[in-house]
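**Student:** Please read through the structure below; I'll follow up with questions.
Computed from the coordinates by the stated procedures, all read-outs in this text should not be read as laboratory data. Worth saying up front: this structure is predicted, and the values here are computed from it rather than measured. Note that we place each Cβ from the backbone using ideal geometry, even for glycine, and neighbour counts take in every protein chain shown.
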Amino acid sequence: MKIKAVLLLAVSMLLVFTLGQTVFAFNDTSKDPNKSKIESLEKQGIIKGEKGGKFNSNGKLTYAAGISMLVKAFDLNIDNIRFIKEPKVTDYYPNLKDNAWYADAFIIAQLNGLEVPKNVKANDEMTREQFAHHLFKSIMKQGDFAFIELYMTINDEKDVNKDYMDSIQKLLISKIATLDKKNNFYPKQKITRSVAAGWLYDGLEFVKETPTIPEVPAEPAPQPIQGLKLTVTSVDKNINKVTVTGQAPHPGYGLRVASISFVDGQAIIKVETVQPDPDKMYPQVITEVSATTYVDAAYKPVLASTEAHASGDAAVSSPALAS
């Protein structure tokens, strides 16, 4: 019975300890104003504490920790880049170490435009303006967001690095960062781990809740060859000669058949512009250009469109012969 009681007590203590670890991620954040945000980031695996289960809210944020945190939080990567040789962190930041735990994060940050200073050292402590700038650059990698046209008055604006001002303004407008009661930002002050976590959490929420600006399709470039016309001449009872003509701004341009599609008794002919040689000079004289092909007389030749298409390498997709 005594052994069972001891075992029961041990199991109970283990459960209390386990549950306590689950509910209280860090044992020193109970009075931190960013407590809930810190715990959320910890649950997502974005931030980690220090020894003894402490977060150290008032501790300073090093560049190694800050950049690693941003890269992980916003899932920045270089998966779409193909390298001739494996990149090294010292290719970009000579004061860092290639085999260090933070090396990959700095490479990713560099290639994603976070604009980390070239002379950075791993244990350099980030200022508030530096973290704000890198945070904003990380946010903008998630999409193109619209911000209201508003300039926030900052009492200590003279202390702000002009290269960071736009980033700070955007964070203030979106309420990711805030000023104090005297409208000070304290740009050169070292940012605390708590403040950085709070801004990061709000930055992630901004990305999650704010729609990006939809991409506007680019308008097609005007085609230089205008007034396309199609003429058909019988070669024999089985073959027709088809000629497409148009007006070009000078004799450097040409015209060629890009493809022929046979649909419902029609030979749909698509032509494209042959661009002039950029190393030659041409007189600016309206010039007639043409392209000729031959099609089966059983099909009615028609133009695919009323304008010449941009030059490409499409082939004639038919048994017809193109000149």
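**Student:** Could you name the lysines in cross-link range of residue 97, using Cα to Cα under 18 Å and dropping any fewer than eight places away on the same chain?
**Tutor:** Leaving aside lysines fewer than 8 places away in the same chain, those within reach of residue 97 are 85, 88, 118, 121.
**Student:** Which of 37, 280 has the fewest other C-beta atoms within 10 Å, and how do the rest follow up to the most?
**Tutor:** Working: 37 21, 280 7.
Final ranking by Cβ density, sparse to dense: 280, 37.
**Student:** Using only alpha-carbon positions, what ratio does the radius of gyration of the range 105-208 give when scaled by 2.2 N^0.38 Å? Intermediate values should be presented prior to the final figure.
**Tutor:** Working: Rg = 13.3 Å, N = 104, 2.2 N^0.38 = 12.8 Å.
In units of the 2.2 N^0.38 Å rule of thumb, it is 1.04.
**Student:** Assign unit charges at the C-beta atoms only (+1 for Lys and Arg, -1 for Asp and Glu), then state the dipole size of the range 29-209 relative to its Cα centre in Debye, rounded to the nearest 20. Present the calculation step by step, with values, prior to reporting the outcome.
**Tutor:** On the way: 28 positive and 25 negative charges, 113 e Å.
Using only the charged Cβ atoms, the result is roughly 540 debye.
**Student:** Separate question: So which residue, out of 117, 217, 187, gets the largest mean-square fluctuation from a GNM of the chain using Cα contacts under 10 Å as springs?
**Tutor:** Looking only at 117, 217, 187, the biggest GNM fluctuation is shown by 217.
**Student:** While we're on this one: What is the Cα radius of gyration of the chain over 2.2 N^0.38 Å, N being its residue count? List each step's numbers first, then the result.
**Tutor:** Numbers: Rg = 32.9 Å, N = 323, 2.2 N^0.38 = 19.8 Å.
With N residues counted in the chain, Rg over 2.2 N^0.38 Å equals 1.66.
**Student:** Can you give me the Cα centroid spacing of the range 100-158 and the range 205-265 in angstrom?
**Tutor:** 45
**Student:** Further question on the same structure: Under a point spin-label approximation (7 Å from Cα along Cα-to-Cβ), what is the residue 163-residue 115 distance to one decimal in nm?
**Tutor:** 0.8
**Student:** For the charge dipole of the chain, defined by +1 on Lys and Arg C-beta atoms and -1 on Asp and Glu C-beta atoms about the Cα centroid, which residue among 160, 38, 268 has the Cα displaced farthest towards the positive pole?
**Tutor:** 38
**Student:** Summing Lys, Arg as +1 and Asp, Glu as -1, what charge do residues with Cβ under 12 Å from the Cβ of residue 87 carry, residue 87 excluded? Mind showing how you got there, number by number?
**Tutor:** Numbers: positive: 82, 85, 88; negative: 86, 91, 98, 104.
Counting the neighbours of residue 87, the net charge comes to -1.
**Student:** May I pose another question? For the chain, set up a GNM with springs between Cα atoms under 10 Å and report which of 121, 300, 141 has the largest fluctuation.
**Tutor:** 300
**Student:** Further, regarding this structure: Counting helices only, and only those DSSP H runs with n ≥ 4, report the 222 nm mean residue ellipticity of the chain as the sum of -39,500 (n - 2.57) divided by its residues, in deg cm²/dmol to the nearest 500.
**Tutor:** Details: 7 runs with 90 residues, N = 323.
It lands at -9000 deg cm²/dmol.
**Student:** Quick one: dipole size for the chain, taken about the Cα centre, charges +1 on Lys/Arg Cβ and -1 on Asp/Glu Cβ, in debye to the nearest 20. Please list the in-between numbers first.
**Tutor:** Numbers: 37 positive and 37 negative charges, 303 e Å.
The calculated dipole for the chain is roughly 1460 debye.
**Student:** Which one, 103, 267, 64, has the greatest fluctuation when you compute a Gaussian network model over the chain with C-alpha springs under 10 angstrom?
**Tutor:** Checking each option, the largest mean-square fluctuation is seen for 267.
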